[in-house]
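Reviewing the structure listed below.
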Amino acid sequence: MNDLFIQQICLKSDRVAAHFLRGLFPLQFNNRITVFIGENGSGKSTLLEALAIKLGCNPEGGGKNFNFSTENTHSKLHETLMLSKGYRREKDVFFYRAETFYNLNTAIRKLDAEGSFDPEIKTYYGGVDMHCMSHGEAMEALFQNRFKAQGLYVLDEPEASLSPLRQLVFINRVMELSRKGAQFVIATHSPLIMSIPGCDLRQISEGRSEPITPADTDAYAVYKAVLNSAGAYIAKNMQ
């Protein structure tokens, strides 16, 4: 057994997954940084959402037992899954979902405005109301201040608000924390994030998960073709 917090995700014996994920389980984890890629609709976000809910997180994002709801749109995949956990116990859990990060920040602002004997929630994100930052700045406040060693982090498209340079800052932080014992499960379309040294890069396609190298991904091929052609690839193929 390795020392990961999450060892495996499998289906309950009396359940089946949706057809587009039916061949995915059991899903084994062998690396502190697991990166999932796949086309839109392949099931990456659905998988991470289900994992986060099983870990006690809100479907819209946040830490364990941080409860709020804007709209109930999450799938029921979590009801069909079982998690196999390791001998270590994580000291922190957080689910980042790019499309609902604004909602999370709104919930934090409202709770802080209510007043409490406890420190304001924004204290754990650097002390500044994240609605007073750009999306990218708020994301950086999250991973620089809220993420810790010995934590378990489920991140759906963390690159959505980050420039290429800020993606490199994010990657450096992920690598730093993983060396200190944190585990990351990430879904991305970013060639930079899928190139994290030593990560377990897996492609979800037709309901299955297979290992892949960055150079063999469609994203790598498309970016390379466009950039190397100085735009001629788009002019030729997108008419």
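Brief remarks on what is shown
- Neighbourhood charge, 15 Å Cβ-Cβ cut-off, centred on Ser42 and excluding it, Lys, Arg +1 and Asp, Glu -1: -3
- Exposed loop sites were defined as trypsin sites (Lys or Arg not before Pro) in DSSP loop states (anything but H, G, I, E or B) carrying at most 14 other C-beta atoms within 10 Å; in the chain the longest segment without such a site runs 92-179.
- Rounded to whole Hz, the Karplus (6.51, -1.76, 1.60) HN-Hα couplings of the stretch 25-31, x for glycine and proline: 10, x, 10, 9, 10, 10, 9
- For the stretch 22-90, applying the loop criterion from DSSP together with a ceiling of 16 other beta carbons within 10 Å to the GluC sites (Glu not before Pro) yields Glu39, Glu71.
- Note that the chain, at 37 °C in a medium of 0.692 mPa s, gets a Stokes-Einstein diffusion coefficient of 175 µm²/s from its Kirkwood radius over C-alpha pairs.
- For the residues Pro164, Pro214, Pro59, a GNM of the chain with alpha-carbon springs under 10 Å puts the largest fluctuation on Pro164.
- Listed residue (Pro197, Leu165, Ile234) projecting farthest to the positive dipole end of the chain, Cβ model: Pro197
- Interchain or long-range residues, amide H under 5 Å from Gln203's placed H: Ile37, Glu210, Ile212
- For Arg22, the amide hydrogen comes within under 5 Å of no other amide hydrogen, counting only partners 5 or more places away or on other chains and with H modelled in the peptide plane.
Quick note: the coordinates plus some simple rules give every number you see, no bench work behind them. Computed from a predicted structure; not experimentally measured. Ideal geometry is used to build each Cβ from the backbone, glycine not excepted, and the neighbour counts take in all protein chains shown.
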